[in-house]
Amino acid sequence: MTQSLNLEAGATRKISDKEATKVAIGALVGTAMEWYDFFLFSAAAALVFNVQYFTNENATAAAMASFATFGVGLVARPIGGMIFGAMGDRIGRRKTLMVTIVGIGIITGLIGLLPTYAAIGVAAPILLVLLRIAQGLFVGGEWSGAMTIVVENAPLERRARYAALPQIGSPIGTILSSGGFFVMTLLFSQESFDSFGWRIPFLAAFPMLLLALYIRSRLDESPVFTELMEAGETEQAPIRTVLRESWKHIIVGMAAALLGVGGFYLVTAFVVYYGVKILGYESSLMLAGGMIAAVVEIPVLIAGGRLAERFGASKVIIYGGILSAIAAVPSFVLVESGNDFLVITGMVLAVATLSFPYAASGTVLTGLFPARTRYTGVGFAQNVAGMLSGFVPLLATGFVASVGNHWWPAAAMLVFLSLFTAVAGVLAPRMSVNLPGFKH
């Protein structure tokens, strides 16, 4: 273990900021496509799939079935994280990331070609679920690999700064996916949008894949992994080793990541549904709210990375989680107000506060695992968080419906997620790999 730590410290000491920036931007492009595809599905689950693929006289039941399909893809993520994480720890980060990005792009484009329930009956939702599962498998290996290759291509003392950059893929993906739907709602009538307009953003994944492949092909392999290979210290059974030696680290890592993923799904997927179907707002208003919140999230993520670099990633997670818990109730009060400006302000406030812990989560997760099992360990932790997060919109829909469509259960869920993540920030430093110059 000590030899591996010395190897990692030595490999990263040679890296320049120019090299680190190049890799971080290359990873960012891939994660932006990943989140574009995944958030596109979440927006479609709120606005389209409950109508086109799940027919039920009860609107709440149809919405819950749609959100359940959204969640099914996230159940597949830990399996994908396990498969591609083990691949990344055995054959390399770069090669594995080329496989995951191709899978994500192709599956998303195929969803745009899928016939509806009216066209092929029950086969439509079945095929949608199968495509969602396949998408979840590939996404399960994408974020963890991108984060691993970035931190291993960054100077130790500045890992937090560079680890925040791939996180910007989340708001960029949101802007592109919500923006795609927003433009379609402006260009087409509701009938035309429901018929074919919603498919166009999904089909756009095909040309986006070509761009992402070109940029990602220029990524350098992690110098840490290269030296592990040369020293013969790669782990041949990373799944077994992680589950035996690092199961506590997986739990803490999952908790650290939960707010950034689950809270975001709550404020985007569920709040869009709640605003349109329960409060009667225009779809364009809620999609605009999601886009503006995502735009604001970008500088917050950059600031969160700089704060994590200066004070330690765990502190950003602790105080960011507390701030998010404080902002939860005011955010929902603003969304409920009926005033367009205040509705958008509520969504922005919620997303901005939970984005501080999200900015630091990649640094914390990669710090919990040694280099020889890092891809696998981070994949387990992040994807368990993603799996649980996938059912947040479903649970919120059910809880809110059970109290006469009042918003307070959703706000309580956001408070819980925020404080749960803050506790992980307290536990993480004492369980992390001790690397010189690296602030936990």
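The values are calculated or read from the model by the stated rules, or taken from the named source; none is laboratory data. As the structure is a computational prediction, the values presented were derived from the model and not from experiment. Note that each Cβ is placed from the backbone with ideal geometry, even for glycine, and that neighbours are counted across all protein chains shown. Accessible surface areas use protein heavy atoms only, side chains included; no ligands, DNA or RNA. Shrake-Rupley method; radii C 1.70, N 1.55, O 1.52, S 1.80 Å.
Please work out which residue is surrounded by the fewest Cβ atoms within 10 Å (Cβ to Cβ), limiting yourself to the stretch 329-346 and to residues that are closer than 9 Å to GLY289 by Cα and among the aliphatic types (A, V, I, L, M).
For the stretch 329-346, the residue satisfying everything is ILE344.
State all residues of the stretch 288-313 that are open to solvent by less than 10 Å² (accessible area, probe 1.4 Å), assigned to a helix (DSSP H, G or I) and either in contact with a Leu (Cβ under 8 Å, 6 or more places away or on another chain) or farther than 20 Å from PHE341 by Cα (or both); if no residue qualifies, say none.
Matches in the stretch 288-313: LEU301, GLY304, GLY305, ALA308, ALA313.
Could you check PRO115 against (1) open to solvent by 40 Å² or more (accessible area, probe 1.4 Å); (2) outside any loop (DSSP other than H, G, I, E, B) and say which number it fails?
(2)
Looking only at the stretch 231-258, count how many residues are β-branched (Val, Ile, Thr) and open to solvent by 40 Å² or more (accessible area, probe 1.4 Å).
Residues meeting the conditions: 2.
Show the residue pairs that are 6+ apart or on different chains and have beta-carbon atoms under 6 Å apart, the first residue being within the stretch 234-253 and free of Cβ contacts under 8 Å to residues at least 60 places away in the same chain and over 29 Å from ILE318 (Cβ atoms), the second being surrounded by 14 or more Cβ atoms within 10 Å (Cβ to Cβ) and of a type in the set (Ser, Thr, Tyr).
none
Are any residues in the stretch 224-244 at pLDDT 85 or above and of a type in the set (Ser, Thr, Tyr), and if so, which ones?
Within the stretch 224-244, THR226, THR241 meet the criteria.
Just to be sure before I move on: is PHE380 farther than 21 Å from VAL150 by Cα, of a type outside the set (A, V, I, L, M), open to solvent by 10 Å² or more (accessible area, probe 1.4 Å) and assigned to a helix (DSSP H, G or I) in the structure I sent?
No; evaluated as a whole, the condition is false for this residue.
Listed residues SER284, SER195; which is part of a helix (DSSP H, G or I), free of Cβ contacts under 8 Å to residues at least 12 places away in the same chain and more than 19 Å from the chain's Cα centre (by Cα)?
Answer to the check: SER195.
Being surrounded by fewer than 24 Cβ atoms within 10 Å (Cβ to Cβ), of a type in the set (A, V, I, L, M, F, W, C) and modelled with pLDDT under 90 narrows it down to one of ILE126, ILE83, ILE106, so name that one.
ILE126
Pairs, please: C-beta under 8 Å, at least 6 apart or cross-chain, first residue farther than 15 Å from GLY260 by Cβ and touching a residue at least 24 places away in the same chain (Cβ under 8 Å) and in the stretch 315-334, second assigned to a helix (DSSP H, G or I) and of a type in the set (Lys, Arg)?
none
From ILE317, ILE326, ILE322, grab the single residue that is over 14 Å from GLY275 (Cβ atoms), of a type in the set (Val, Ile, Thr) and either more than 22 Å from the chain's Cα centre (by Cα) or in a loop (DSSP other than H, G, I, E, B) (or both).
Selected residue: ILE326, the only one of ILE317, ILE326, ILE322 that is over 14 Å from GLY275 (Cβ atoms), of a type in the set (Val, Ile, Thr) and either more than 22 Å from the chain's Cα centre (by Cα) or in a loop (DSSP other than H, G, I, E, B) (or both).
Determine which member of the set LEU186, LEU211 is closer than 14 Å to GLU34 by Cα and in a helix (DSSP H, G or I).
LEU211
Does GLY275 satisfy the condition of being within 29 Å of VAL316 (Cβ to Cβ) and crowded, with 21+ Cβ neighbours inside 10 Å?
No: the conditions fail for GLY275.
Could you tell me whether THR108 is of a type outside the set (Lys, Arg) and more than 24 Å from VAL364 (Cβ to Cβ)?
So THR108 fits the description; yes.
Failed condition for THR373, given (1) under 24 Å from THR174 (Cβ atoms); (2) of a type in the set (S, T, N, Q); (3) at pLDDT 90 or above, with all others met?
(1)
Picking from LEU266, LEU228, which residue would you name as being open to solvent by less than 20 Å² (accessible area, probe 1.4 Å), more than 22 Å from the chain's Cα centre (by Cα) and not basic (Lys, Arg)?
The conditions single out LEU228.
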